[in-house]
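**Q** After the structure tokens below, expect a handful of questions from me.
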Amino acid sequence: MEILGIVLGALNVATSTIVVIITQVNDRLADASSAIKKEVRSIYLQFGNTAAAAIPDTELETGGIPDPNFQGVEKAAKELERLHCRSVIDLIKLNRIKWVLDRVMAFGGCVVGIVIISIAVGIYDVKENQFVLKVVLVIGIPVIFLFFNLIFLGWIVNQMSYLKKVINEYDNSEY
């Protein structure tokens, strides 16, 4: 049982370390935010250029009738509105991901500390006649934290694919 506890503790330390390394090394969050900002700037510039082109110039009037390109302005305005709604939702998601990732180091440290203390207390301080307590401390707590670490690792991998999707979606701007 002690060996199983040590193995579970090592797995918890390894998964917590992987989670912390992935979150600290990953720069996709900044790339995603930058891609959204570039796309918004590009669409605003395009809208401004289209709107400026639609203003009738009295010197360029043919036969006294101005010919503004109002359909182009309407199309650009709809594209701007669509981008605004989509980018606001994505920026909210990016802020949520950033909030969680900023707290990962403290969470990982707490998990590793609890697991190591639990295993140490279960192996060295609990007597053999307290079998249930020993099983809970040596096996139960590390298994529960390992399960949550693996779920969190899966969430991080899922969010990294979301960030890649955001970068690819917004990074087609010409600016």
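**Q** Go through region 4-14 residue by residue and turn each phi into a ³J(HN,Hα) via Karplus (6.51, -1.76, 1.60, θ = phi - 60°); whole Hz please, and just put x for glycine and proline.
**A** With coefficients 6.51, -1.76 and 1.60, one gets 4, x, 5, 5, 4, x, 5, 5, 5, 4, 5 Hz.
**Q** At what distance in nm do the modelled label points of Met105 and Phe147 sit from each other, each positioned 7 Å from its Cα along Cα→Cβ?
**A** 3.0 nm
**Q** Something else: Run the numbers on region 68-161 and let me know its relative contact order in percent, using alpha-carbon pairs under 8 Å that are six or more apart.
**A** 20 percent
A short reminder: the numbers here are calculations on the coordinates, not readings from a lab. As the structure is a computational prediction, the values presented were derived from the model and not from experiment. Here Cβ is always computed from backbone atoms with ideal geometry, including for glycine, and neighbour counts include all displayed protein chains.
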